[in-house]
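See structure below.
The values are calculated or read from the model by the stated rules, or taken from the named source; none is laboratory data. The structure presented is a predicted model; accordingly, all values stated were derived computationally and were not measured. Here Cβ is always computed from backbone atoms with ideal geometry, including for glycine, and neighbour counts include all displayed protein chains. Ligands, DNA and RNA are stripped out before the accessible areas are found, and what is left, the full protein with its side chains, is counted by its heavy atoms. Shrake-Rupley method; radii C 1.70, N 1.55, O 1.52, S 1.80 Å.
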Amino acid sequence: AADVLMRLVPLDLRLSAFPVGRALRAPLNHMNMVLLRAAEDGFQMLVFRSMARTAWHEVEEAMTTVAARG
């Protein structure tokens, strides 16, 4: 999850820099979001409901890119 999200946000999301329980406001392209480290291997992304499909699309494209490199 961190590898995918680091393609989208200008943050260091490694566990040592972004521990469990930490939350930050971050840009997701043209949207604002709150990013929460919910577990060692997972995040919660909070965006406005009207932007949910756009945010999903951005994450989906980043996941496809990361999968293609692997």
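Can you confirm whether the range 22-37 contains a residue that is in contact with a Gly (Cβ under 7 Å, 6 or more places away or on another chain), free of Cβ contacts under 8 Å to residues at least 60 places away in the same chain and surrounded by 12 or more Cβ atoms within 10 Å (Cβ to Cβ)? Yes, some residue in the range 22-37 is in contact with a Gly (Cβ under 7 Å, 6 or more places away or on another chain), free of Cβ contacts under 8 Å to residues at least 60 places away in the same chain and surrounded by 12 or more Cβ atoms within 10 Å (Cβ to Cβ). The residues of the range 28-53 that are at pLDDT 95 or above and within 25 Å of Arg69 (Cα to Cα), listed by number, are Leu35, Arg37, Phe43, Gln44, Met45, Arg53. Residues that are more than 16 Å from Ala1 (Cα to Cα) and open to solvent by 60 Å² or more (accessible area, probe 1.4 Å) within the range 38-70 comprise Phe48, Arg49, Ser50, Met51, Arg53, listed in sequence order. Within the range 33-70, the set of residues being of a type in the set (Lys, Arg) and under 21 Å from Ala17 (Cα atoms) comprises Arg37 only.
Which ones in the range 1-21 are without any contact (Cβ under 8 Å) to a residue 24 or more places away in the chain and open to solvent by 90 Å² or more (accessible area, probe 1.4 Å)? Pro10, Arg14, Ser16, listed by residue number.
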